[in-house]
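This report refers to the structure that appears directly beneath it.
The values are calculated or read from the model by the stated rules, or taken from the named source; none is laboratory data. As the structure is a computational prediction, the values presented were derived from the model and not from experiment. Note: ideal-geometry Cβ built from the backbone for every residue, glycine included; neighbour counts use all protein chains shown.
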Amino acid sequence: MNKISKLFKALSLILKQPALLNKVLDDDNVNKNEVFKKYKLDKGLKAVEITELLPTLDITIEPYAALDGGSTPIDLALLKGLAASKPNCDYFEIGTWRGESVSNVASVAKNCVTLNLPDATMLEMGLDKKYVDLHRHFSKSLQNVTHLQGNSLTYDYKSMNQKFDLIFIDGDHHYESVMSDTKNAFELLKDENSIIVWHDYGNNPCDIRWDVLRGILDGTPNDKINNLYRVSNTLCAIYCKGIKNAEYIPDNSIPKKHFSITVKAKS
């Protein structure tokens, strides 16, 4: 089949199944090429050591479900440690899920706000009711947590009438959503020392989700891009000023540190 025939076949398939176009546009190589073309970041973001952000890293994580779709213990330690470093921290997150992240942060923050798709919307999308009911499982009874329901793409953030010290973005991880959530997050920062953390910058602490990175970069003001990093040993990226040391993570590198983790089950 020549190239012209392949092109017409591809167009025919897309016309029959428009969702295929999204699959093509979301392809990792497409996003990687866009990042390189616009930002020259073929290796992604440089990594800052978590111990530079949190020099006295000694944090108990609770709750931690160790189930699908959640953050890693080190991700949660990062969030909790950053919140603890901000006196009377005001925290906001997009994407609540079981409420593990906000529950950990709520133990050290003054005020926490989460935003998630409305339950009714998720049910209309055909999501299983048991899955929907799991949202806010750990955080629904916490007095310093406000649970908002809405679509982060269209939500009226001005209605909150609030700014935040720490923002965690862990909603829809497609490019358009990450870009929109990022733009809105920068408008919600309290001051120059406020921080944004994005989850699932990588599928593991060493690789890159190029759709997420592209969304972060395109949503970040140009004068703030130099303050973007990935965080070592986590699935996270971060916007933070004052970072002195950052470097790319080489393949098969020798660990610079290890962690001591105590596991204790509670019901």
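Here are the numbers for this structure:
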| quantity | calculated |
| --- | --- |
| Out of Lys140, Lys110, sole residue that is within 30 Å of Gly81 (Cβ to Cβ), among the charged types (D, E, K, R), in the same structural domain as Glu93 (by TED's automatic domain parsing) and in contact with a Cys (Cβ under 9 Å, 6 or more places away or on another chain) | Lys110 |
| Options Ser267, Ser253: the member that is part of a loop (DSSP other than H, G, I, E, B), more than 26 Å from Arg98 (Cβ to Cβ) and among the polar types (S, T, N, Q) | Ser253 |
| Subset tally (residues that are free of Cβ contacts under 8 Å to residues at least 40 places away in the same chain and either surrounded by 18 or more Cβ atoms within 10 Å (Cβ to Cβ) or under 25 Å from Tyr175 (Cα atoms) (or both)) for the stretch 219-267 | 7 |
| Entirely in the stretch 76-178, the helices (runs of 4 or more DSSP H) that have 1 or more residues that are touching a residue at least 40 places away in the same chain (Cβ under 8 Å) and hydrophobic (A, V, I, L, M, F, W, C) | 100-106 |
| Single residue of the stretch 185-206 satisfying the filter (aromatic (Phe, Trp, Tyr) and buried (at least 23 other Cβ atoms within 10 Å of the Cβ)) that is farthest from Leu45 (Cα to Cα) | Trp198 |
| Some residue of the stretch 205-212 being within 18 Å of the chain's Cα centre (by Cα), in a helix (DSSP H, G or I) and of a type in the set (A, V, I, L, M, F, W, C) | yes |
| Selection status of Leu76, more than 22 Å from Thr220 (Cβ to Cβ) and at pLDDT 95 or above | yes |
| When residues of the stretch 67-91 are limited to those that are hydrophobic (A, V, I, L, M, F, W, C), farther than 17 Å from Arg230 by Cα and in contact with a helix residue (DSSP H, G or I) (Cβ under 8 Å, 6 or more places away or on another chain), the one surrounded by the fewest Cβ atoms within 10 Å (Cβ to Cβ) | Cys89 |
| Residue within the stretch 47-54 that is at negative phi and part of a loop (DSSP other than H, G, I, E, B) present | yes |
